[in-house]
Amino acid sequence: MAVMTMRDALNLALREELARDPDVFLMGEEVAEYQGAYKVTRGLLEEFGPKRVIDTPITELGFAGLGVGAAMAGLRPIVEFMTFNFSILATDQIINSAAKMLYMSAGQFKIPIVFRGPGGSAYQVSSQHSQALESWYAYFPGLKVVMPSTPADAKGLLKSAIRDDDPVVFIEQERMYGMKGEVPEDKDFTIPLGVADVKREGTDATIVARSLMVPAALKAAEELAKVGVSCEVIDPRTIRPLDIGTIIESVKKTNRVVVAEESHPFCGVGAEISAEINERAFDYLDAPVKRVSGADVPMPYAKNLERLAIPGFEQIVAAVKEVSYI
Amino acid sequence: MLLIRRFEEKSAESYSLGKIGGFCHLYIGQEAVAVGSISAVRRDDYVITSYREHGHALAKGIPADAVMAELFGKAGGCSSGKGGSMHLFDKSVGFLGGHAIVGGQIPLATGVAFASKYKETDQVTLCYFGEAAVNQGAFHESLNLAQLWKLPCIYICENNRYGMGTSLERAMSSHNVAEKASAYDLASEFVDGMDVMAMRRATQRAVERARNESLPTLLEARTYRYMGHSMSDPGNYRTRAEIEKYQERDPIKLFTARLKEDKILTDSDLSDMESEIKEQIEQALRFAEDSPEPDPKELYTNVYANS
């Protein structure tokens, strides 16, 4: 075990997988010579050279499509979007090409591509640079969507995503790049996609949280423990395919659920989880499923307004109390 | 070319009989472009194109049986009935589809060429699209990348003068497609798309550039489609007279005349060929009719690679 930041854990995962498989290559804006806009790809150009680590022009639709084509011809591309806000330009290739190629070709052309980069809020980067797009991508059969919340999860999940034969949308969080945690050093340490993680065991309420909301959920759980409410915190880790089983098992135990997310509520992942709990575990609920989501507005610039737009542990505490009728 | 022509005629008939559903975009009139260019590449080279793809598929080597069965939505289709007319695929002959978003195939082709260069094979990629696709950003992004990164991709614009019902005069500020390559310092040529040998020779030059120098080329092939954009198109945007004018330079007519003139082909040869092709098409039709519908469980297969 080593203690490292999420940034370094991701860097290590990329390093190990580039070393392991010569068909893996990385491309994106500023990933090579600039060492990565967020330094996630620091040192990779020096270690692997310009054939494997490639700076692209600002041409998202072009390089995303190029990645999918390269995957059709047998390579395993990792395409970095500097932020997922810019991936919107590439959605035709992610959705109409990557997600559908295996199906349309009846299994002839698999697309083992990873689209990775930070998504969700940063610090005062305003409406066009702060979007959480996981529910968009999770909508499409054929894509997998992964969101790590710890350095260990980041390393294990990214390695699995790179080894996966399907297109994976791997959404990191800029606010979490500096977060430290213990990370296994085994070069073959991977975490399977589609498996949730119980980050904290509890008996009275279930909090389902992902990405940026996991630390907030854990802090909320600590606060609630002080008033005698024992919370179970579940991190899905993979949004699609969703490990609804682990969530349902928890609901059966606690009978109360809060879903915490920084994304907008409407048509979000929280809405999906809520619907699935409703369908599968209605009889176990003692209160409706409550969502704590980001404000349903474009992200404002002003510091105080931005703080109001992103949920914190206080809102999660209040939501748990609400579903507990206390 | 004759096989493609007769196949497309049979497809039109089948569509009208309700055997083929959805959209059916026919290649009649444009045969020389696919046949001429594909004759210049190897089986292990790649072809990727738009939804007007039956001709390219047959030219690259997908059996007529498998193409017709795919149009009929049957399990024996080259995409097992999951793709249809717009999404024919056959990995064994290097045919990479079949793409229905205008211009979507252009970045894909650029990536396929990237992979060949990365793996250090000398394979080349032929990418086909219409002149209307040239207005999509994806075209420009791809050509920039191909020249910048020196990729062995041959971009073939089939300029048939119409993007669905919109003439190129109504869609493009500059009509010279080949010239657009100069914005990317990319080699280009203008080719008579009704002349199968001219297509072949231009493609051979581009293939040499791709294999020997790993550089891309843009070919603008002037051609014409006789049928509408698809089987649903009444074609009110052009006159019967215009179509007949272009038919005077029909690619099959031109090549046949030339072969006869050079004493390579006799009327009897041609008649034999027509009979053989007629039989081949009839067999394709029987195969398509007899092929079963996909098993209902196929609805859920191949969404993900390992489930």
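Values in this text are rule-based calculations from the coordinates and carry no lab data. Here the structure is a predicted model, which is why all the values come from computation and not from measurement. Ideal geometry is used to build each Cβ from the backbone, glycine not excepted, and the neighbour counts take in all protein chains shown.
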Inset, instruction - Calculate the spin-label point distance for residue A:318 paired with residue B:233, positioning each point 7 Å from the Cα along the beta-carbon direction, and give it in nanometres. - result: 5.8 nm
Legend entry - Residue (of B:144, B:20, B:235) at the positive-pole extreme of chain B, dipole from beta-carbon charges: B:144
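Output the relative contact order of the stretch A:2-183, whole-number percent, from Cα pairs under 8 angstrom with separation of 6+ residues. Could the numbers behind the result be given before it?
Numbers: 369 pairs, mean separation 50.3, N = 182.
Normalised by residue count, the contact order of the stretch A:2-183 is 28 percent.
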Legend entry - Which of A:45, A:24, A:35, positive extreme of dipole for the stretch A:22-80 (C-beta unit charges): A:24
Inset, instruction - From other protein chains only, count the Cβ atoms within 10 Å of every residue's Cβ in B:297-304, then give the mean. - result: 5
Inset, instruction - Taking all pairs of distinct Cα atoms, average 1/r, flip it, and tell me the Kirkwood hydrodynamic radius of the stretch A:12-72 in Å to one decimal place. - result: 11.8 Å
Legend entry - Alpha-carbon Rg with Dmax, taken over the stretch A:2-183, Å: 15.0, 45
Inset, instruction - Arrange A:136, B:149 by Cβ neighbour counts within 10 Å, fewest through most, would you? - result: B:149, A:136
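Taking only the Cα atoms of chain B, how large is their convex hull per residue, in Å³? Write down the numbers at each step before the final one.
Working: hull volume 41.6 nm³, N = 307.
Each residue corresponds to 136 Å³ of Cα convex hull volume.
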Legend entry - Spread of Cα-to-Cα distances over 10 Å intervals beginning at zero, given as percent, for the stretch A:236-275: 26, 59, 15
Legend entry - Three-way shape label, chain A, alpha-carbon gyration tensor, a/c 1.5: prolate
Legend entry - Debye, to nearest 20: dipole size of the protein assembly as shown, +1 on Lys, Arg Cβ, -1 on Asp, Glu Cβ: 480 debye
Inset, instruction - Over 31 Å between C-alpha atoms is what I'm after, so list which of B:150/B:245; A:144/B:82; A:180/B:119; A:100/B:10; A:100/A:180; A:252/B:82 land there. - result: B:150/B:245; A:180/B:119; A:100/A:180; A:252/B:82
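Need the full-extension length gain, residue B:267 to residue B:92, defined as separation in residues times 0.36 nm minus the C-alpha distance. One decimal, nm. Display every interim value, and only then the final one.
Details: separation 175, 0.36 × 175 = 63.00 nm, distance 3.53 nm.
Taking residue B:267 through residue B:92 to full extension adds about 59.5 nm, to one decimal.
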Inset, instruction - Name the residue farthest towards the positive end of the dipole of the stretch B:180-307 from the options B:215, B:307, B:268, assuming +1 on Cβ of Lys and Arg, -1 on Cβ of Asp and Glu, about the Cα centre. - result: B:215
Inset, instruction - List every residue whose amide H lies under 5 Å from the amide H of residue A:54, counting only residues 5 or more places away in sequence or on a different chain, with H placed 1.01 Å from N in the peptide plane. - result: A:26, A:27, A:28
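So in the protein assembly as shown, what percent of DSSP beta bridges are antiparallel if you round to the nearest 5?
Values: 12 of 65 bridges.
Counting only bridges with both partners in the protein assembly as shown, antiparallel ones make up about 20 percent.
Determine, from the Cβ-Cβ distance of residue B:240 and residue B:295 and an R0 of 45 Å, the FRET efficiency 1/(1 + (r/R0)^6), rounded to the nearest 0.05. All intermediate terms of the calculation are to be shown ahead of the outcome.
Working: r = 46 Å, r/R0 = 1.02.
Given R0 = 45 Å and the Cβ-Cβ separation, E is 0.45.
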Inset, instruction - Arrange B:70, B:298, B:276 by Cβ neighbour counts within 10 Å, fewest through most, would you? - result: B:276, B:298, B:70
Legend entry - Rounded to the nearest 20 debye, dipole of the stretch A:197-324 from Cβ charges on Lys, Arg, Asp, Glu: 220 debye
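Arranged from highest to lowest average of other beta-carbon atoms within 10 Å per residue, in what order do the peptides A:153-165, B:168-180, A:8-20, A:35-47 appear?
On the way: A:153-165: 24.5, B:168-180: 14.0, A:8-20: 21.8, A:35-47: 18.3.
In descending order of packing, they fall as A:153-165, A:8-20, A:35-47, B:168-180.
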Inset, instruction - Under a 10 Å cutoff between Cα atoms, tell me which one of B:118, B:27, B:226 has the largest fluctuation in the Gaussian network model of chain B. - result: B:118
Inset, instruction - For an R0 of 45 angstrom, estimate the FRET efficiency from the Cβ-Cβ distance between residue A:186 and residue A:139 and round to the nearest 0.05. - result: 0.80
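Among rounded, prolate and oblate, which fits the stretch A:76-170 when a ≥ b ≥ c are the square roots of the eigenvalues of its C-alpha gyration tensor, a/c under 1.5 means rounded, and a/b larger than b/c means prolate? Write out the running numbers ahead of the final one.
Working: a/c = 2.37, a/b = 1.41, b/c = 1.68.
In terms of gyration-tensor shape, oblate.
Could you work out Rg/(2.2 N^0.38 Å) for the stretch B:13-96, with Rg from alpha carbons only? Write out the running numbers ahead of the final one.
Working: Rg = 12.3 Å, N = 84, 2.2 N^0.38 = 11.8 Å.
So the stretch B:13-96 has a normalised radius of gyration of 1.04.
Counting only other chains, what is the mean number of Cβ atoms within 10 angstrom of the Cβ of each residue in peptide A:86-94? Don't jump to the answer; show the numbers that get you there.
Numbers: counts 0, 0, 0, 2, 1, 0, 7, 6, 0.
Average neighbour count from other chains, rounded to a whole number: 2.
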Legend entry - Exercise: per-residue mean of other protein chain Cβ atoms within 10 Å, B:144-153: 2
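State the antiparallel share, in %, of DSSP beta bridges confined to chain A, rounding to the nearest 5. It would help to have the intermediate numbers written out before the result.
Values: 9 of 39 bridges.
Looking only at bridges with both residues in chain A, the antiparallel portion is about 25 percent.
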Legend entry - Global size of the stretch B:119-276 as Cα Rg and Dmax, reported in angstrom: 18.0, 52
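What does the C-alpha gyration tensor say about the overall shape of the protein assembly as shown? Classify as rounded when a/c is under 1.5, otherwise prolate if a/b is larger than b/c, or oblate. Show your work: numbers first, answer last.
Working: a/c = 2.48, a/b = 1.95, b/c = 1.27.
Taking the square roots of the gyration eigenvalues as a ≥ b ≥ c, the protein assembly as shown is prolate.
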Inset, instruction - Can you quote the Å³ per residue value for the convex hull of the Cα atoms in the stretch B:48-152, rounded to an integer? - result: 90 Å³
Legend entry - Pairwise label distance in nanometres, residue A:287 with residue A:88, each label 7 Å out on the Cα-Cβ vector: 3.5 nm
Legend entry - Cut-off 20 Å, label 7 Å out along Cα→Cβ of residue B:182, residues of the stretch B:217-255 by amide N: B:217-222
Legend entry - Angstrom value of the Kirkwood radius, inverse mean 1/r, which spans all Cα pairs in the stretch A:197-324: 14.4 Å
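Just rank A:207, A:171, B:20, fewest to most, by other beta-carbon atoms within 10 angstrom.
Details: A:207 33, A:171 26, B:20 22.
Placing the least packed residue first, the sequence is B:20, A:171, A:207.
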Legend entry - Computed P(r) (all Cα pairs; the stretch A:1-105; 10 Å bins; percent): 15, 44, 33, 8, 0
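About the Cα centre of the stretch A:1-68, how large is the charge dipole given +1 on each Lys and Arg Cβ and -1 on each Asp and Glu Cβ? Please answer in debye to the nearest 20. Before the final figure, lay out the partial values.
Values: 7 positive and 12 negative charges, 29 e Å.
The calculated dipole for the stretch A:1-68 is roughly 140 debye.
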Inset, instruction - Could you work out how far apart the two model spin labels at residue A:295 and residue B:2 are, taking each label as a point 7 Å from the Cα in the direction of the beta carbon, and quote it in nm? - result: 7.4 nm
